[in-house]
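J.: Dumping the structure here so I can ask a few things about it.
The values are calculated or read from the model by the stated rules, or taken from the named source; none is laboratory data. What you see is a predicted model; the values in this text were computed from it and never measured. Counting neighbours? That spans all protein chains shown, and the Cβs are built from the backbone with ideal geometry, glycine included. We work out accessible area using only protein heavy atoms, side chains counted, and drop any ligands, DNA or RNA first. Shrake-Rupley method; radii C 1.70, N 1.55, O 1.52, S 1.80 Å.
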Amino acid sequence: MDIASGERIFVIGVESSCDETGVALVALNPEATEGTLPVLLSHALHSQIEMHQAYGGVVPELASRDHIRRVLPLARRVLATSGLSLGAIDVVAFTRGPGLAGALLVGAGVACALGAALGKPVLGVHHLEGHLLSPFLSDDPPKFPFVALLVSGGHTQLMRVDGVGKYKLLGESIDDAAGEAFDKSAKLMGLAYPGGAQLARLAEQGNPKAYALPRPLLHSGDLNFSFAGLKTAVLVQSQKILASYGEKEFDALPAQLLCDLAASTQAAIVEVLVKKSLRALADEKLTRLVVAGGVGANMELRKQLNSLCASKSIRVHYPEMHLCTDNGAMIAMAAAMRIQSTQQKANLDYAFDVKPRWPLDALSTF
Ligand code: KG4
Ligand code: ZN
């Protein structure tokens, strides 16, 4: 990287792994003392959720086409907000995986074209590493080492994190992810894609003990998760409720029933996530927990973790609410933290690939 000593490095990050297009600019000082974090200058996001709602889920081809439309206007907006010109960019980062292949290729293609045009290096970032490091963008950043609970639409994992690139997988879902369990249960309740947040809103008005739903693998003795059976239990319970009223849709039923079912579903997912996170902390003898990924926005999960962890003198860190779901800031930040702490070399040949499947611990330098 052709940077004079003491000069700040500007990293632009592009996220396009699924149904959000995100672009962000982060600045880092290569000579900063240890513990000084890169700074987010600006970020911009376009969510495709409305477009996919008509189909009840993400349509990969439509996602790719929309990323193509959005990414350059978002990049222009981010540069304008931060008052930087295109020429000021030192590194172009993009999400290399995991995610939808076509969607990833849009971000990778644009990032590499931009890097080639500017003569600047490019760096492919792991999407889950972005989520994992996103709490470092908050006012209360964590310190290494910690246990991370990664809970997104596609992944549920517990990791031991000793530093950037030092990841040990402790446990993960053997089938559906926690976000998927929220979304699939929400769909069964007639809520629009991706119903997780809407289910959580209904749950606020409901009784979490109204329906007895399973807590899968709660006593398995390991740190793995399984949510596919819970979804089936929600289906059976929904059918029972509808049959008892002789109806086919929840719309025709008293609203409280749906709130109760939502609260019971949320309680089952949250209890398993909370108990396994505490077990991971105890096993690893650590007193710091980082929660990241879209489900990290769930208020019931935050409430229970906050109160249980406070009683055990465990610190819990979250990304800021608007950075829980996919965004460009976490990608630019992960790239900047990699450059700062692992002296990772960015790529100057612009031949790129994407990794739709890519385990996070494959990055580990252990
Ligand atoms: O991390 P993310 O944006 O995308 C992936 O990388 O998968 O996570 C999206 C997931 C979706 O399943 C969404 O329903 C869930 O996060 N989610 C929530 C809440 N907000 C978003 N789940 C439960 N409660 C919420 N408040
Ligand atoms: Zn994500």
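J.: Going by accessible area, probe 1.4 Å, with all protein chains left in place, what is the ranking of L188, L305, largest first? Don't jump to the answer; show the numbers that get you there.
T.: Values: L188 60, L305 0 Å².
Descending order: L188, L305.
J.: Ok, one more. If I stretch the segment between K143 and D162 completely, what's the gain in nm (0.36 nm per residue apart, minus their alpha carbon distance), one decimal? Don't skip to the answer; put the middle values down first.
T.: On the way: separation 19, 0.36 × 19 = 6.84 nm, distance 0.92 nm.
Using 0.36 nm per residue and subtracting the Cα-Cα distance, I get 5.9 nm.
J.: Could I ask something else about it? Ordering M51, M337 by accessible area with a probe of 1.4 Å, largest first, what comes out?
T.: Numbers: M51 55, M337 10 Å².
Heavy-atom accessible area, descending, gives M51, M337.
J.: If I take every Cα pair under 8 Å that is 6 or more residues apart in segment 1-142, average their sequence separation and divide by the length, what percent do I get for the relative contact order?
T.: Numbers: 247 pairs, mean separation 38.1, N = 142.
Reported as a whole number, the value is 27 percent.
J.: If you place +1 on the Cβ of every Lys and Arg and -1 on the Cβ of every Asp and Glu, how big does the dipole about the Cα centre of segment 144-318 come out, in debye to the nearest 20?
T.: Details: 20 positive and 16 negative charges, 125 e Å.
It comes to approximately 600 debye.
J.: Could you pull out the pairs from K275/K355; K143/K312; K143/K231; K209/K312; K166/K275 whose alpha carbons sit more than 29 Å apart here?
T.: Details: K275/K355 32 Å; K143/K312 18 Å; K143/K231 36 Å; K209/K312 26 Å; K166/K275 24 Å.
Checking Cα-Cα distances, K275/K355; K143/K231 exceed 29 Å.
J.: Rank by packing, highest mean first: peptides 85-91, 229-235, with packing defined as the count of other Cβ atoms within 10 Å averaged across residues. Write out the running numbers ahead of the final one.
T.: Values: 85-91: 15.9, 229-235: 18.3.
So the order, starting with the most tightly packed, is 229-235, 85-91.
J.: How big is the accessible area of I174 in square angstrom, nearest 10, if you roll a 1.4 angstrom probe over the protein chains?
T.: 110
J.: Multiplying the sequence separation of E320 and A228 by 0.36 nm and subtracting their Cα-Cα distance, what value in nm do you get? Intermediate results must be reported in sequence, preceding the final value.
T.: On the way: separation 92, 0.36 × 92 = 33.12 nm, distance 2.90 nm.
So the extension gain works out to 30.2 nm.
J.: Quick one: if the Förster radius is 45 Å, what FRET efficiency do N29 and K285 give, using the C-beta to C-beta distance and rounding to 0.05? Each step should come with its number before you reach the end.
T.: Details: r = 34 Å, r/R0 = 0.75.
After rounding, the FRET efficiency stands at 0.85.
J.: Quick one: accessible area per residue over the chain, 1.4 Å probe, rounded to a whole number of Å²? Don't skip to the answer; put the middle values down first.
T.: Working: 15650 Å² over 366 residues.
Each residue of the chain exposes 43 Å² on average to a 1.4 Å probe.
J.: Sticking with this structure for a sec: Could you please state how large a percent of the accessible area of segment 26-157 is carbon and sulfur, counting protein chains only and using a 1.4 Å probe? Walk me through the numbers before you get to the answer.
T.: Values: 2950 of 5320 Å².
Here it works out to 56 percent.
J.: With θ set to phi - 60°, apply the Karplus curve 6.51 cos²θ - 1.76 cosθ + 1.60 along segment 245-261 and write out the HN-Hα couplings as whole Hz, x wherever there is a Gly or Pro.
T.: 9, x, 10, 10, 10, 5, 3, 7, 9, x, 4, 4, 4, 5, 4, 5, 5
J.: Quick check for me: using +1 on Lys/Arg Cβ and -1 on Asp/Glu Cβ, what's the dipole size of the chain about its Cα centre, in debye to the nearest 20? Don't skip to the answer; put the middle values down first.
T.: Numbers: 33 positive and 35 negative charges, 99 e Å.
Value, rounded to 20: 480 debye.
J.: With θ taken as phi - 60° and the coefficients 6.51, -1.76 and 1.60, list the Karplus ³J(HN,Hα) couplings across segment 205-211 in order, rounded to whole Hz; mark glycine and proline as x.
T.: Per-residue couplings from phi come out as 9, x, 9, x, 9, 4, 10 Hz.
J.: Follow-up question, since we're still on this one. Based solely on its DSSP helices, what 222 nm [θ] is calculated for the chain when runs of n ≥ 4 H residues each add -39,500 (n - 2.57) and the sum is averaged over all residues, nearest 500 deg cm²/dmol?
T.: On the way: 10 runs with 147 residues, N = 366.
When only DSSP H runs of four or more count, the value is -13000 deg cm²/dmol.
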